[in-house]
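Presented below is the structure to which this report refers.
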Amino acid sequence: MASVMQMARLMQGNEAVAEAAIAAGVNFYAGYPITPSTEIAEFMARKLPLTGGVFIQMEDEISSMAAIIGASLTGAKAITATSGPGFSLMQENIGYAVMAEVPCVIINVMRLGPSTGMPTAPGQGDVMQARWGTHGDHPVIALCPSSVTESYELTVRAVNLAERFRTPVILLLDEVVAHLRERIILPAQEDIKLINRVKPAGNDSSYLPYRPIDNGIPPMSDIGGGYRHNVTGLVHDERGIPSNDPGVAGALISRLMTKVADYTGEIYMSDGYLLEDAEIAVVAYGAVARSARRAVKEARQDQIAAGLWRPVSLWPFPGKEIEELSRRVRCIIVAEMNSGQMAGEVERHAGGRCPVVSLAKVNGELIAPGEIHRRIREVYTGA
Amino acid sequence: MTERVEICLSGSGGQGIILAGIILADAVIREGKSVVQSQSYGPEARGGASRAEVIIGGDELDYPKINSPDILLAMSQEASDKYLKRLRQGGMGILDSTYVGLPSESGVKVFHLPISSMAITRLGREMMANMVALGALVRITGIVGRESIEEAVRARVPLGSLDMNLSALDMGRELAIKFSSQ
Amino acid sequence: MPDVIKEYFRPGSLPHMWCPGCGTGIVLQSFLRAIHHLGYRRDDVAVVGGIGCSARAVSYIDFNTVHTTHGRALAFATGIKLAKPDLQVFVIMGDGDAAAIGGNHLIHSARRNIDLNVLVINNSVYGMTGGQCSPLTPTGSRTATSPYGSLERQLNIVNLVAAAGGTFVARSTAYHAKLTGELIEQGVANKGFSFIEVISQCPTGFGRKNGPSDPAAMLQWQKDKAVMAEKYGKLPEEEAKGKFPIGVLFRDEAPDYTDIYLGMSSRAGRGKESGGKDND
């Protein structure tokens, strides 16, 4: 149903994620209840049966991850949502999805950890878990929204990227964004651009399930779609048959990395605020970026040339922009609700060209603008 | 971009503070303004203290929490003690006199209204106190129009109790008018 | 008799990785004969395996095959079946795979009574990692991780599945190859969770330490100790000692989860969304 004008609505971050998933064509959800992500599961439990999709509450997060991989192998667009402890449990099967090249999306609403931590309090401590949580070398795509509207947009994008690159995509919300209610104008369905995985042409007798076409990504045949083959987490050849050949292993892992690395230009997302003449750049993402934006505004009132750089794709990290920034600012401050996980990454890309100061806070509270503003002033006067 | 107004709704669990916050935010959106709503969440939400925040206006990606509220609704003594002192100079405090004593705060405008007792005596349902409070708050502050708040209530409360919720809203409005004319 | 190897093994799969005398090949042959007899199109069949010697079977055979992570085959299979209910989905696991690391999924798949056909090849040990004890290792057995004899009690996996809600529960042995095939066909006919434990031999990981180690003698042991369920029930206690029942052990009637999900979904779709407004 095409409506001429889309109405503004009040919507929670988690709800926007679920709405967007449906709009992006998601027709399979498996999950396990965990705060602060449960609204997503509850929404999907209500909506998916209405549209012929599948919702199942599994016995844990391990099986949730397994079930969405199974569903995706049959051609479904499948997602799950969780929080820190559940995200940890999913890691092995996330690696499986990387290895077997199964598109799927994992939404991780970050709360304070480690362990059970503070279930209802925000954190950003899963940034490195998203990058390195599963064992072995692997590519990762992880996106991080700062608002309800962006939660919607990035969910659609996450589903599209998973289909495009045949790889799991992680959406990292923090509890603040997940539970905020904000004004959102949903796009009309016909305005949402959907990407579907490339499938083999019918009756292609030369089809091999893991032989890439020119973009490094093999076309994917559905289970039951006529191209019977083997899917495995073992190193496998182009037929999907397990192999112990170092040549096969090296080529496979290298292709898994480059099929994403070669297209980072397509994946990178970031934005800047008052950066043009900035002498001090604040780097922040998720809800903290909003505190930082306010702090930058306040600093400008004090005649301090501050600016904000906000990575939206955390992985792959748009490090080139930090490299460029580090050549023209006096200092970079990285504000985040963890012990400095992204500060290290920023420092690496700044390459010693300017100091990188970590404003790390882990107490279950959103960093306030005043804290960032104070640090900007300290750096400015001390610099 | 409209000027940023910060509203803190506070009280005890079970008083419907969060729903009042959501309805207020919904009403703001109906007037085409931007809004951010959040709440204290978790064990706090059952019994104990309860708090909803509504921020109107400001730019899209601004800080989503309250710095120092322009408007405070306090429906418990604990909430009043905690938040009244955080009110911005010149801010407004709406206190439920059923539970909150008259404070000695200066520099803020205080409205001391029998919100919960009105819900009990006139409707026989203390549960409706949140709507009485909302009616009073909207009338006193003028942050949203009467129609918008009524539309938001219609959209967000179950049909079975809609009439009672709307009456409660009216009562709050009357209470505010009566208080202002005193 | 069809040459199931020629017909159903993927070209280039051989030689397989199983030790001489292993029972898995025998069980796989029973499986393939049953599928052949059932006459399914290969494209309509999905075979899902976990990790271990027995689960490795899936990579060799020419169906839609998914070789998953250790213990999780049932969870992958649940996703496959729910997303494409027309597929015939089989799950092949070993005893460590199904009873230890995958125990939780076994309980809940049985509880849902989801239409999966499960074959657990029980060789009493973790074979691929070198013969460590599993929850199905007989108490007192010597294994790589129970050098003084295993202390833990053996899980009665068929009772577990029956108690959890499985609607077809059976047992066979590698020796009883024909029975295994028949049970697989009966399990397929049951629309719900069908579970078959096949007691098999691991001469390398179990036989050598506990005797007999000769595969033929191990098969002979299976022949001697297994008694058809009807007969087993009538054995005097003295005679039943040390023996175990095979055949269909438990049957129940319950709706299949896939069916009831689809029913709910179509009712909900017709009735539109019930439920209230989103006032939390």
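The values are calculated or read from the model by the stated rules, or taken from the named source; none is laboratory data. Note that the coordinates shown come from a computational prediction; the quantities given were computed from them, not determined experimentally. FYI the Cβ positions are ideal-geometry reconstructions off the backbone, even for glycines, and counts take in every protein chain you see. All accessible areas refer to the heavy atoms of the entire protein, side chains included, with ligands and DNA or RNA removed. Shrake-Rupley method; radii C 1.70, N 1.55, O 1.52, S 1.80 Å.
Please count how many residues of segment C:15-27 are touching a residue at least 60 places away in the same chain (Cβ under 8 Å) and either assigned to a helix (DSSP H, G or I) or surrounded by 23 or more Cβ atoms within 10 Å (Cβ to Cβ) (or both).
Residues of segment C:15-27 that are touching a residue at least 60 places away in the same chain (Cβ under 8 Å), as a first pass: C:19-24, C:26-27.
Subsequent filtering for residues that are either assigned to a helix (DSSP H, G or I) or surrounded by 23 or more Cβ atoms within 10 Å (Cβ to Cβ) (or both) retains C:22-24, C:26-27.
The number of residues fulfilling the criteria is 5.
Just the residues that are at pLDDT 95 or above and at the interface with chain A (Cβ under 9 Å from one of its Cβ atoms), please, taken from segment B:66-90.
none
Given the condition farther than 20 Å from A:MET128 by Cα, part of a helix (DSSP H, G or I) and of a type in the set (Lys, Arg), answer yes or no: does some residue in segment A:335-351 qualify?
no
Quick check on segment C:118-130. Is at least one of its residues in a helix (DSSP H, G or I) and either open to solvent by less than 20 Å² (accessible area, probe 1.4 Å) or not charged (D, E, K, R) (or both)?
So the first thing to find is which residues in segment C:118-130 are in a helix (DSSP H, G or I), and the list is none.
No; the residues of segment C:118-130 include none that is in a helix (DSSP H, G or I) and either open to solvent by less than 20 Å² (accessible area, probe 1.4 Å) or not charged (D, E, K, R) (or both).
Select from segment A:77-90 the residues that are open to solvent by less than 10 Å² (accessible area, probe 1.4 Å) and touching a helix residue (DSSP H, G or I) at 6+ places or on another chain (Cβ under 7 Å) and write down the one among them that is nearest to the other protein chains (Cβ to nearest Cβ).
Ranking the candidates gives A:ALA78 first.
Do any helices (runs of 4 or more DSSP H) lying entirely in segment C:182-280 carry at least 2 residues that are among the basic types (Lys, Arg), and which ones are they? Before you say what the answer is, go through the steps one by one.
Details: elements: C:215-225, C:229-234, C:237-240, C:257-270.
Output list reads C:215-225, C:229-234, C:257-270.
Name the pairs whose Cβ atoms lie under 7 Å apart, with the first residue in segment A:205-233 and at positive phi, the second outside any loop (DSSP other than H, G, I, E, B) and not hydroxyl-bearing (Ser, Thr, Tyr), and 6 or more positions between them or separate chains?
Final answer for the pair search is A:GLY216/A:ARG255; A:GLY216/A:LYS259; A:GLY224/C:ASP43; A:GLY224/C:ASP44; A:GLY224/C:ASN64; A:GLY226/C:ASP43.
Quick check on my filter: what residues within segment C:240-273 are touching a residue at least 12 places away in the same chain (Cβ under 8 Å), open to solvent by 40 Å² or more (accessible area, probe 1.4 Å) and within 14 Å of chain A (Cβ to nearest Cβ)?
Answer for segment C:240-273, where residues must be touching a residue at least 12 places away in the same chain (Cβ under 8 Å), open to solvent by 40 Å² or more (accessible area, probe 1.4 Å) and within 14 Å of chain A (Cβ to nearest Cβ): C:TYR257, C:ASP259, C:LEU262.
What do you reckon, is A:SER254 within 29 Å of A:MET337 (Cβ to Cβ), open to solvent by 30 Å² or more (accessible area, probe 1.4 Å), of a type in the set (S, T, N, Q) and at pLDDT 95 or above? Write out each step before concluding.
Numbers: within 29 Å of A:MET337 (Cβ to Cβ): no; open to solvent by 30 Å² or more (accessible area, probe 1.4 Å): yes; of a type in the set (S, T, N, Q): yes; at pLDDT 95 or above: yes.
Considered against the rule, which asks whether it is within 29 Å of A:MET337 (Cβ to Cβ), open to solvent by 30 Å² or more (accessible area, probe 1.4 Å), of a type in the set (S, T, N, Q) and at pLDDT 95 or above, A:SER254 comes out as no.
Which of the strands (runs of 3 or more DSSP E) contained wholly in segment A:198-289 include at least 1 residues that are under 22 Å from A:GLU323 (Cα atoms) and of a type in the set (S, T, N, Q)? Walk me through how you get there before you give the answer.
Values: elements: A:230-232, A:270-273, A:280-283.
By residue number, A:270-273.
Among the residues of segment A:178-198, how many are touching a residue at least 60 places away in the same chain (Cβ under 8 Å) and either farther than 23 Å from B:VAL28 by Cα or open to solvent by less than 50 Å² (accessible area, probe 1.4 Å) (or both)?
Keep residues of segment A:178-198 that are touching a residue at least 60 places away in the same chain (Cβ under 8 Å), which gives A:178-190, A:192, A:194, A:196-197.
From what's left, either farther than 23 Å from B:VAL28 by Cα or open to solvent by less than 50 Å² (accessible area, probe 1.4 Å) (or both): A:178-182, A:184, A:186, A:188-190, A:192, A:194, A:196-197.
Total satisfying the criteria: 14.
Could you tell me whether B:ALA129 is touching a residue at least 40 places away in the same chain (Cβ under 8 Å), within 14 Å of chain C (Cβ to nearest Cβ) and under 24 Å from A:LEU10 (Cβ atoms)? Steps first, please.
Working: touching a residue at least 40 places away in the same chain (Cβ under 8 Å): yes; within 14 Å of chain C (Cβ to nearest Cβ): no; under 24 Å from A:LEU10 (Cβ atoms): yes.
In short, no.
From the list A:GLU298, A:GLU365, A:GLU279, which one is among the acidic types (Asp, Glu) and more than 14 Å from every other protein chain (Cβ to nearest Cβ)?
Values: A:GLU298 fails: more than 14 Å from every other protein chain (Cβ to nearest Cβ); A:GLU365 fails: more than 14 Å from every other protein chain (Cβ to nearest Cβ).
When all the criteria are applied, what remains is A:GLU279.
Do you know which residues across segment A:309-356 are out of contact with any strand residue (DSSP E or B) (no Cβ under 8 Å at 6 or more places or on another chain) and under 18 Å from A:LEU172 (Cα atoms)? Working first, answer last.
As a first pass, look at segment A:309-356 and keep what is out of contact with any strand residue (DSSP E or B) (no Cβ under 8 Å at 6 or more places or on another chain): A:319-320, A:323-324, A:327-328, A:341, A:344-345, A:348-349, A:351-353.
Within segment A:309-356, A:GLN341, A:GLU345 meet the criteria.
Taking segment A:103-122 only, how many residues are more than 14 Å from chain B (Cβ to nearest Cβ) and within 16 Å of the chain's Cα centre (by Cα)?
Step one: of segment A:103-122, the residues more than 14 Å from chain B (Cβ to nearest Cβ) are A:103-108, A:110, A:113-115.
With the extra rule that they be within 16 Å of the chain's Cα centre (by Cα), the set shrinks to A:103-108, A:110.
Going through segment A:103-122 one residue at a time, the tally reaches 7.
With the requirement that a residue be surrounded by 18 or more Cβ atoms within 10 Å (Cβ to Cβ) and over 19 Å from A:ARG290 (Cβ atoms), what does segment A:363-383 give you?
Listed by number, the residues that qualify are A:VAL379, A:TYR380.
Is it the case that some residue within segment C:39-60 is at the interface with another protein chain (Cβ under 7 Å from one of its Cβ atoms), among the basic types (Lys, Arg) and touching a His at 6+ places or on another chain (Cβ under 7 Å)?
no
Given the condition in contact with a helix residue (DSSP H, G or I) (Cβ under 8 Å, 6 or more places away or on another chain), part of a loop (DSSP other than H, G, I, E, B) and modelled with pLDDT of 95 or more, answer yes or no: does some residue in segment B:22-30 qualify?
Within segment B:22-30, none of the residues are in contact with a helix residue (DSSP H, G or I) (Cβ under 8 Å, 6 or more places away or on another chain), part of a loop (DSSP other than H, G, I, E, B) and modelled with pLDDT of 95 or more.
Does A:VAL105 satisfy the criteria of being surrounded by 24 or more Cβ atoms within 10 Å (Cβ to Cβ) and among the β-branched types (Val, Ile, Thr)?
Details: surrounded by 24 or more Cβ atoms within 10 Å (Cβ to Cβ): yes; among the β-branched types (Val, Ile, Thr): yes.
Yes: the conditions hold for A:VAL105.
Could you tell me whether any residue of segment A:311-322 is in contact with a Gly (Cβ under 7 Å, 6 or more places away or on another chain) and in contact (Cβ under 8 Å) with a residue 24 or more places away in the chain? So that I can check it myself, show each step before the final result.
Quick first cut of segment A:311-322, residues in contact with a Gly (Cβ under 7 Å, 6 or more places away or on another chain) only: none.
Among the residues of segment A:311-322, not one is in contact with a Gly (Cβ under 7 Å, 6 or more places away or on another chain) and in contact (Cβ under 8 Å) with a residue 24 or more places away in the chain, which makes the answer no.
Return the residue satisfying two criteria in turn: it lies in segment A:19-63 and is surrounded by 23 or more Cβ atoms within 10 Å (Cβ to Cβ), free of Cβ contacts under 8 Å to residues at least 40 places away in the same chain and within 20 Å of A:ILE184 (Cα to Cα), and of such residues it is farthest from the other protein chains (Cβ to nearest Cβ).
In this case the residue turns out to be A:MET44.
Checking the conditions here, which among A:ALA350, A:ALA360 is buried (at least 19 other Cβ atoms within 10 Å of the Cβ), modelled with pLDDT of 95 or more and over 16 Å from A:ALA299 (Cα atoms)?
On the way: A:ALA360 fails: buried (at least 19 other Cβ atoms within 10 Å of the Cβ).
Residue meeting the stated conditions: A:ALA350.
Give me the residue from segment B:73-84 that is without any contact (Cβ under 8 Å) to a residue 40 or more places away in the chain and open to solvent by 60 Å² or more (accessible area, probe 1.4 Å) and, out of that set, farthest from B:MET118 (Cα to Cα).
The extreme case among them is B:ASP81.
Are there any pairs with C-beta distances below 6 angstrom linking a residue in segment B:44-65 that is among the acidic types (Asp, Glu) to a residue that is modelled with pLDDT of 85 or more and open to solvent by 20 Å² or more (accessible area, probe 1.4 Å), with the two at least 6 apart or on different chains, and if so which?
B:GLU53/B:ILE66; B:ASP62/A:ARG294
If A:LEU154 satisfies every condition in (1) open to solvent by less than 20 Å² (accessible area, probe 1.4 Å); (2) not in a helix (DSSP H, G or I) but one, which is the exception?
(2)
Scan segment B:85-119 residue by residue and report those that are part of a strand (DSSP E or B) and open to solvent by 10 Å² or more (accessible area, probe 1.4 Å).
Initial filter on segment B:85-119 (part of a strand (DSSP E or B)): B:92-96, B:109-113.
Those that are part of a strand (DSSP E or B) and open to solvent by 10 Å² or more (accessible area, probe 1.4 Å): B:MET92, B:LYS109, B:VAL110, B:PHE111, B:HIS112.
Of the residues that make up segment C:187-194, is at least one under 27 Å from C:GLY131 (Cβ atoms) and open to solvent by less than 20 Å² (accessible area, probe 1.4 Å)? Step through it out loud before you land on a result.
Step one: filter segment C:187-194 for residues under 27 Å from C:GLY131 (Cβ atoms), giving none.
So far as segment C:187-194 goes, no, none of its residues is under 27 Å from C:GLY131 (Cβ atoms) and open to solvent by less than 20 Å² (accessible area, probe 1.4 Å).
Look at A:GLU279 and say whether it is without any contact (Cβ under 8 Å) to a residue 60 or more places away in the chain and open to solvent by 50 Å² or more (accessible area, probe 1.4 Å).
Details: without any contact (Cβ under 8 Å) to a residue 60 or more places away in the chain: no; open to solvent by 50 Å² or more (accessible area, probe 1.4 Å): yes.
It is false that A:GLU279 is without any contact (Cβ under 8 Å) to a residue 60 or more places away in the chain and open to solvent by 50 Å² or more (accessible area, probe 1.4 Å).
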